[in-house]
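These notes concern the structure reproduced below.
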């Protein structure tokens, strides 16, 4: 029995039950009177495939087929091909070889698309294609996941090849250990780094800070990645937080305000209101009217290079701890007062969460 595969006009390649391949000349397709010259492609050492002696028979056959650009299947259904080749002991099927070739072509196309969008040069695109398998192997994840992460970074607004490459490993790490999607992770890291003026080279530290909270505290890393972007504007504009230290301060405030419950939108809104009211002129005026030397505290903080916000909190902390009724008198916004209560009535917890340099 032969399984014919059409090569060119008047020629077919037929596999015999012994596993050899014969190139057969025919007068017409389907003609039973054929003259043939046997070419045993599967025989060790024969053929023009480099390193043929070291290759299994099925690989040598497929390599020879691959090198013939005029190979065409002769209309045989794929299930027939699969069944027959398995019956002949040819494990590596033509369909599998095709799938591998197609995957390789798809991979190259995806890499080039991403590279172009990142304004990468041809050599940089080649570098991306070479390094992605290494990263996948090092992190024990599929190549497709690395590509997905790189695409998510581009969709997050990163248009520079060098920056995207610096963001790749931190993004994968944060997504992998938090459970957040690549898209959400890449977007959050972009917003954090740009709002707090954090260079892409410092992103590994940022990710470590976020993941450490998930390991040590009640707040999950995934919740933190979800809610950090919401509180960034007021943290930067009203509190002046910046850099990795600023991120640590925001995380500490979120931890304290959320308390022993899961971080949610309510805690975020309370902290946003607290930041906004705490930095307002009206609040400073109320402190002055209550007898606190606001200007002196701010001046001392400037001289020491310390946080002005922390200086004001320290100014009222002892009095509020002794007389909690002061909170609604000083903080008129209900949400802001809730955050102030969590922070000022739990000073040890708040200071424990804060960076040691603060």
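How compact and how long is region 95-216, expressed as Rg and Dmax of its alpha-carbon atoms in Å?
For region 95-216, the Cα radius of gyration and maximum Cα-Cα distance read 15.0, 52 Å.
How do 275, 107 line up, fewest other C-beta atoms within 10 Å first?
Starting with the residue having the fewest Cβ neighbours, the order is 107, 275.
Normalise the Debye intensity by I(0) for region 225-358, one equal point scatterer per Cα, no solvent, then take log10 at q = 0.13 Å⁻¹ and round to two decimals.
Cα-only, vacuum Debye calculation for region 225-358: -0.50.
Over region 228-358, what relative contact order in percent results from Cα pairs under 8 Å that are six or more residues apart?
Values: 128 pairs, mean separation 42.2, N = 131.
In percent, rounded to a whole number, it is 32.
With a ≥ b ≥ c taken as the square roots of the eigenvalues of the C-alpha gyration tensor of region 178-282, please select rounded if a/c is under 1.5 and otherwise prolate if a/b is larger than b/c or oblate if it is not?
Because a/c hits 1.5 or more and a/b fails to exceed b/c, region 178-282 counts as oblate.
Counting C-alpha atoms alone, how compact is region 220-262: give Rg to one decimal and Dmax as a whole number, in angstrom.
Just the Cα atoms of region 220-262 yield Rg and Dmax of 10.2, 28 Å.
We did not get these values from a lab; they are worked out from the coordinates using the rules stated. Since the model is a prediction, treat every value here as computed from it, not as a measurement. Ideal geometry is used to build each Cβ from the backbone, glycine not excepted, and the neighbour counts take in all protein chains shown.
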